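The values are calculated or read from the model by the stated rules, or taken from the named source; none is laboratory data. If you're wondering where the values come from, they're calculated on a predicted model, not measured in any experiment. So basically every Cβ, Gly included, is an ideal-geometry build from the backbone, and we count neighbours across all protein chains shown.
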Amino acid sequence: MAGRIEALVSEWRSEALTLRHRYSDERLASVCEAHALELETALRTSLDESVTLQEASRISGYSYAHLRRLMDSGAIRNVGKRGAPRVRVGDLPYRPSRMLDARATKVVHEQRPTPSGIRRISVT
């Protein structure tokens, strides 16, 4: 999913260049760039979120024990403290058939840009 979103960010930046150079429309180009920046920021923020192993289990579809083994082997990094392990959402392996859809959707979309945030960036 992250790859598709990054492709969309790139496409919006490309559209901004086209609008700016072919149509001399600075205002619309700025809007495209603002949307691309907000989407890129939201993606980065949600993937950098750290969660407990229990939350990671619900998000990824893998068991707590399996994630713990991956952490102990060094396959995923502990970004928490000793005795209170946490993992980055972006570092998790995913097992789509067993993921909790509501939590996975929340992690990806919880940093959605707000209309006021879009206006604020578009105006500046």
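Regarding ARG20, is this residue more than 28 Å from ARG88 (Cα to Cα), of a type outside the set (Val, Ile, Thr) and either in contact with a Phe, Trp or Tyr (Cβ under 6 Å, 6 or more places away or on another chain) or loosely packed, with under 12 Cβ neighbours inside 10 Å (or both)? When the stated conditions are applied, ARG20 does not pass them. Looking across region 50-70, just one residue is surrounded by fewer than 16 Cβ atoms within 10 Å (Cβ to Cβ) and in contact (Cβ under 8 Å) with a residue 12 or more places away in the chain, and that is THR52. Scanning region 79-90 for residues that are out of contact with any strand residue (DSSP E or B) (no Cβ under 7 Å at 6 or more places or on another chain) and either outside any helix (DSSP H, G or I) or crowded, with 17+ Cβ neighbours inside 10 Å (or both) gives LYS81, ARG82, GLY83, ALA84, PRO85.
Per-residue answers, yes or no, for (1) in a helix (DSSP H, G or I); (2) touching a strand residue (DSSP E or B) at 6+ places or on another chain (Cβ under 6 Å); (3) more than 17 Å from GLY3 (Cα to Cα); (4) modelled with pLDDT under 85:
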| position | (1), (2), (3), (4) |
| --- | --- |
| SER14 | yes, no, no, no |
| SER30 | yes, no, yes, no |
| GLU33 | yes, no, yes, no |
| GLU38 | yes, no, no, yes |
| LEU70 | yes, no, yes, no |
| ILE76 | no, yes, yes, no |
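Residues in region 40-68 that are in a helix (DSSP H, G or I) and either within 30 Å of SER14 (Cβ to Cβ) or of a type in the set (Ser, Thr, Tyr) (or both): GLU40, THR41, ALA42, LEU43, ARG44, THR45, SER46, LEU47, ASP48, SER57, SER60, TYR64. When restricted to residues that are under 30 Å from ALA7 (Cβ atoms), touching a strand residue (DSSP E or B) at 6+ places or on another chain (Cβ under 7 Å) and not aliphatic (A, V, I, L, M), region 50-68 contains 1.
Among residues of region 1-21 that are within 24 Å of SER46 (Cα to Cα), those with a Cβ under 6 angstrom from a residue that is modelled with pLDDT under 90, sequence gap 6+ or separate chain, pair up as ILE5/LEU43; VAL9/ALA36; VAL9/LEU39; VAL9/GLU40; TRP12/CYS32; TRP12/HIS35; TRP12/ALA36; ARG13/ALA36.
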